[in-house]
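All remarks here apply to the structure that follows.
The values are calculated or read from the model by the stated rules, or taken from the named source; none is laboratory data. Source: prediction; values computed, not measured. Here the Cβ positions follow ideal geometry from the backbone for every residue, glycine too, while neighbour counts run over all protein chains shown. Side chains included, ligands, DNA and RNA excluded: accessible areas come from the protein's heavy atoms. Shrake-Rupley method; radii C 1.70, N 1.55, O 1.52, S 1.80 Å.
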Amino acid sequence: MVDVPDHVLRNRALWNVRAQEYAAAGERAWAQSTPAWGIWQVPESEVSLLPKDLNGKRTIELGCGTAYVSSWLARRGARAIGIDNSLAQLATARRLQLEHSLYFPLIHGDAEMMPCADATFDFAISEYGACLWADPQRWVAEAARLLRPGGQLVFLTNSFLLTLCEPAEDGLAAMARLLRPAFGMNRIEWPGDQGVEFHLSHGDLIRLLRRSGFEIEDLVEIRPAAGASSRYRHVTLEWARQWPCEEVWKVRKRT
Ligand SMILES: C[S@@+](CC[C@H](N)C(=O)[O-])C[C@H]1O[C@@H](n2cnc3c(N)ncnc32)[C@H](O)[C@@H]1O
């Protein structure tokens, strides 16, 4: 029998509850044909998360939630697959597939241990999915195993700096000062059973990516436009205009 790590079980329970809150955002994102990313909805034209040519490419979305990212990939000709740890999130994804008559495989599973053969995919992506909620020592190794040599991994998550400045109390936005030590940061459990997140320092993440067989191509620190708005409360626009609150890592599996 497979031993499922406690953070995977806890995050599954959390996302089975949160799924309802995320359904409306999933519906909006499925309905939009041009991708926009992260909590500020920065347009694809500014951050270029997707490869220019996806036609016929095999793609995997790690922690796909309602799978709108995979819907954008599939509409661009990719042979998309999404994996997610929450059946409730996947139920929304399946409903939206029906509504849009756009079908691709959705797997219920853990991105740290995927039921796929080695070197299967050309492109892997995660937007606040496995890259935030799964153990980096495990999901990065899995992404490296699943990508073919030369394949690309792109992920968008909270910046390391934001995590240093976020108060533990729910409902409070990031402050303009450091609230926790940077050294040794890895697993973070916010109070009130909000699940288990993972945040590595840039140095630790670079070493992990390189050790796993990736070359780093870019680190994009997202700056929202003046006047941008967000439905999230953990960071204000004033903060995010001064410091990066989200970052996009673009890495490629060594040939
Ligand atoms: C914030 S959603 C990401 C989806 C979408 N991009 C979004 O921003 O709404 C986080 C998703 O990660 C999934 N997740 C958490 N841990 C996971 C794991 N170990 N493997 C696969 N998916 C996981 C959750 O079930 C949840 O659907």
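Quick rundown of the values:
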quantity: Fully extended contour minus Cα-Cα distance, from residue 116 to residue 3, at 0.36 nm per residue; calculated: 38.8 nm
quantity: Scattering profile of the stretch 1-66 at q = 0.11, 0.20, 0.22 Å⁻¹ [log10 I(q)/I(0), Debye over alpha-carbon scatterers]; calculated: -0.41, -1.02, -1.10
quantity: Using distinct alpha-carbon pairs, which all enter the 1/r mean, Kirkwood radius of the stretch 22-120 in Å; calculated: 13.8 Å
quantity: Listed residues 181, 224, 136, most fluctuating in the chain (Gaussian network, C-alpha, under 10 Å); calculated: 181
quantity: DSSP beta bridge pairing in the chain, given as percent antiparallel to the nearest 5; calculated: 55 percent
quantity: Ranked packing of 145-153, 229-237, 168-176, most packed first, by mean Cβ within 10 Å; calculated: 145-153, 229-237, 168-176
quantity: Most mobile of 116, 165, 64 in a GNM of the chain (Cα contacts under 10 Å); calculated: 116
quantity: Exposure of residue 48 as accessible area (Å², to 10), given a probe of 1.4 Å and all protein chains; calculated: 50 Å²
quantity: Translational diffusion coefficient (Stokes-Einstein; Kirkwood radius from C-alpha pairs) of the stretch 126-217 at 4 °C, 1.567 mPa s, in µm²/s; calculated: 91 µm²/s
quantity: List 81, 60, ordered by accessible area with a 1.4 Å probe, largest first; calculated: 81, 60
quantity: The chain - percent of accessible surface contributed by carbon and sulfur, probe 1.4 Å; calculated: 53 percent
quantity: Candidate aspartates and glutamates - alpha carbon under 13 Å from residue 57, same-chain residues fewer than 8 apart omitted; calculated: 122
quantity: Kirkwood-based shape ratio for the chain, expressed as Rg/Rh from alpha carbons; calculated: 0.93
quantity: Full-stretch length increase - residue 98, residue 226 - with 0.36 nm per residue and alpha-carbon distance subtracted; calculated: 42.4 nm
quantity: Virtual spin-label span in nm between residue 108 and residue 148, 7 Å along Cα→Cβ; calculated: 3.1 nm
quantity: Derived scalar couplings ³J(HN,Hα) [the stretch 62-72; Karplus, 6.51 cos²θ - 1.76 cosθ + 1.60; whole Hz; x for Gly, Pro]; calculated: 9, x, 7, x, 7, 6, 5, 4, 5, 5, 5
quantity: Karplus 3J(HN,Hα) series, Hz, for the stretch 165-175 with 6.51 cos²θ - 1.76 cosθ + 1.60 (x for Gly, Pro); calculated: 10, 8, x, 6, 5, 5, x, 9, 7, 4, 9
quantity: Charge dipole magnitude, Cβ of K and R +1, D and E -1 - the stretch 91-230, Cα centre, debye nearest 20; calculated: 200 debye
quantity: GNM top mover of 36, 74, 117 - the chain, alpha-carbon springs below 10 Å; calculated: 117
quantity: Sum of side-chain charges, residue 149 neighbourhood, beta-carbon under 12 Å (Lys, Arg +1; Asp, Glu -1); calculated: +2
